[in-house]
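For reference, the structure discussed in these notes is given below.
Bear in mind these aren't lab numbers, they're just calculated from the coordinates by the rules spelled out. Given the structure is predicted, the values throughout are model-derived calculations rather than measurements. So basically every Cβ, Gly included, is an ideal-geometry build from the backbone, and we count neighbours across all protein chains shown.
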Amino acid sequence: MINETSSHEEYLEHLKLTETLDAEKERILSRVNARTETLCDSINGRYKEASNSKAEIPRTEIANELNLVLRDAIVDTRGVIMIPSGENKYNKKCVTRSYGFKTYKAWGPRELPLKDSFLTKDLILKNRETESYLDLSVLINHKDVGQKKIKTYFRFVRKALNVFKSYKINIEGLDEQEDDPAEKLNLSDITNNLSTYQSVEAYKEKIENIPGLDKLYERFKINIIKFNIVSEKFLEEIKEYNKPFRFLIQLQDSK
């Protein structure tokens, strides 16, 4: 053991031993990293269909297509139709031909809040969680709204709500319901990949949960197909409907 009174030779001997141990440390770390990488690739590959899939709602696409249908239904190119919602004056919603659904006096369109929402017979879009609402019934019999096209818009809104409902049932509903909350498995356990930088504990936890994860993964592969059928069918139909209006917009923009 060296200290402040150690000799030159003792310092050199200590340095030599340190270098030897440091080299051994590098060899050990190299082996650890190689084994960790193999383990990581193996476990991630086991659930690759989940981590590589689009297990999400195509919200942006849905919002864009719905706004195109809505814009096509608005007759007045400069008019602003206010949508009653109970929002404060800084967050009021409206509809225009230029953007579709938007926040009043704000630039750009907004996404219709469809998550956890439903459309009443009176055409009020209500949220089950926040109890917020949008009274879309003002669009019916409005002088600046084409009534045939606005009925088509509401038909697509209902179908879009079914996409969100399908996601809630088939994807969000996949989380394992265990008696012990600590043993509950979430969808993120199969959709999120492990990283070689994670701790050994993270690997151990995943490996110990493999029986439950395999069961969850099999359900996921079935349910993602069910959800994608609903989602893709909706987007295919609404995009086909929007072709004429989208072409018109492209012509106008090119002038």
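Odds and ends about this structure:
- Relative compactness, segment 1-66, computed as alpha-carbon Rg over 2.2 N^0.38 Å: 2.47
- Farthest toward the positive end of the dipole of the chain, out of Ala34, Ile74, Phe220, is the Cα of Ile74, where the dipole comes from beta carbon charges about the Cα centre.
- Viscosity 1.002 mPa s, 20 °C: Kirkwood-radius Stokes-Einstein D of the chain over Cα pairs, µm²/s: 93
- Cβ crowding within 10 Å averaged over residues, with 32-39, 138-145 ranked highest first: 138-145, 32-39
- Across the cross-link table entries Lys151/Lys233; Lys126/Lys221; Lys143/Lys239; Lys54/Lys239; Lys48/Lys206, which are compared at the Cα atoms, the separations over 24 Å belong to Lys126/Lys221; Lys143/Lys239.
- Relative compactness, segment 3-149, computed as alpha-carbon Rg over 2.2 N^0.38 Å: 2.18
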